[in-house]
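The values are calculated or read from the model by the stated rules, or taken from the named source; none is laboratory data. Values in this document were obtained by computation on a predicted structure and should not be read as measured data. Heads up, the Cβs are rebuilt from the backbone with ideal geometry, glycines too, and the neighbour counts pull from every protein chain shown. Calculation scope for accessible area: heavy atoms of the full protein, side chains included, ligands and nucleic acids excluded. Shrake-Rupley method; radii C 1.70, N 1.55, O 1.52, S 1.80 Å.
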Amino acid sequence: IGLVGLAHMLSHFYQIALGPLFPLLRDDFSVSYTALGLIISVFYGVSGACQAFVGILVDRYGGDRLMLFGITTMATSVLLMGLAPSYWVLLPLAVTAALGNCVFHPADLAILSAKVSPARIGRAFGIHGFGGTCGYFLSPIVIYYGVASFAGWRAGLIVAGSLGLIAAAVVFRLRAALR
């Protein structure tokens with residue numbers, strides 16, 4: 001339950017990673033807020049469109065593998081966003097991040113349904129939801145206030161991506177609990 005809650009927290013953490021940085025990105029890339037909003041729209045559009053297909057992959061290959069793929073893909077995409085030389089590089093990275101994000105609900109819920117006893121399934125889904133909410137809460141605190149406010153938006157995204165890769169290593173190490 002804890003590993004799935006952590007993964008779901010990371011999903012939501014990365015979903016809003018760019019939002020608090022919009023004023024900084026706008027100034028650096030000389031783009032409008034509308035252009036920056038397009039990145040978020042592309043992310044959510046691709047993520048939503050791919051979830052049903054990923055549900056089929058989860059049934060075929062297992063939620064544990066796809067959950068690790070999702071964490072690693074999102075973390076790497078966010079880290080690379082911190083290295084983006086131009087606005088236009090952020091768009092394909094948003095697509096890549098979305099491909100990582102679309103796995104979480106199908107994978108997480110399949111793992112919890114298969115691994116958690118019926119007597120604890122409500123608690124498991126509650127912790128899953130709480131993890132996502134914590135991700136929304138922690139993202140601006142860590143990325144903007146914790147790093148970007150003193151080291152710049154690039155450092156904020158690189159640190160955020162690095163934290164996700166560390167979390168992916170922890171999940172990988174403990175992945176036997178997810179099978």
Quiz item: Scattering from the C-alpha atoms of the stretch 50-118 alone, worked out with Debye: what is log10 I(q)/I(0) at q = 0.16, 0.26 1/Å?
Solution: -0.56, -1.01
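With every protein chain kept in place and ligands, DNA and RNA left out, what is the accessible area per residue of the stretch 54-173? Probe 1.4 Å, answer in Å².
Working: 5660 Å² over 120 residues.
On a per-residue basis, 47 Å².
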Exercise. Calculate the length of the line joining the C-alpha centroid of the stretch 124-154 to that of the stretch 1-70, in whole Å.
Key: 13 Å
Quiz prompt | Span per principal axis, largest first, for the Cα atoms of the stretch 1-126 (Å) | solution = 53, 26, 21
Quiz item: For the chain, can you list the cysteines whose C-beta has no other cysteine C-beta under 4.7 Å from it?
Solution: CYS134
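Roughly how many percent of the accessible protein surface of the stretch 113-157 is carbon and sulfur, given a 1.4 Å probe and a whole-percent answer?
After summing per-atom areas, the C and S share lands at 68 percent.
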Quiz item: Mind checking which helices in the chain clear 24 Å along their axis (Cα) and have mean Kyte-Doolittle hydropathy of -0.5 or more, DSSP H runs only?
Solution: 33-61, 63-81, 121-139, 153-173
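Return the FRET efficiency for the residue pair ARG60, PHE137: r is the Cβ-Cβ distance, R0 is 30 Å, and the value is rounded to the nearest 0.05. Before the final figure, lay out the partial values.
Values: r = 34 Å, r/R0 = 1.14.
Computed FRET efficiency for ARG60 and PHE137 comes out at 0.30.
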Practice problem: Evaluate the Debye formula for the stretch 96-179 with equal point scatterers sitting on the alpha carbons, no solvent, and hand back log10 of I(q)/I(0) at q = 0.15, 0.17, 0.22 Å⁻¹, in q order, two decimals. | Solution: -0.71, -0.87, -1.19
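Please give the length that would be gained between LEU174 and SER32 if that part of the chain were fully extended, namely 0.36 nm times their separation in residues minus their C-alpha to C-alpha distance (nm, one decimal).
Details: separation 142, 0.36 × 142 = 51.12 nm, distance 4.31 nm.
Fully extending the segment from LEU174 to SER32 adds 46.8 nm.
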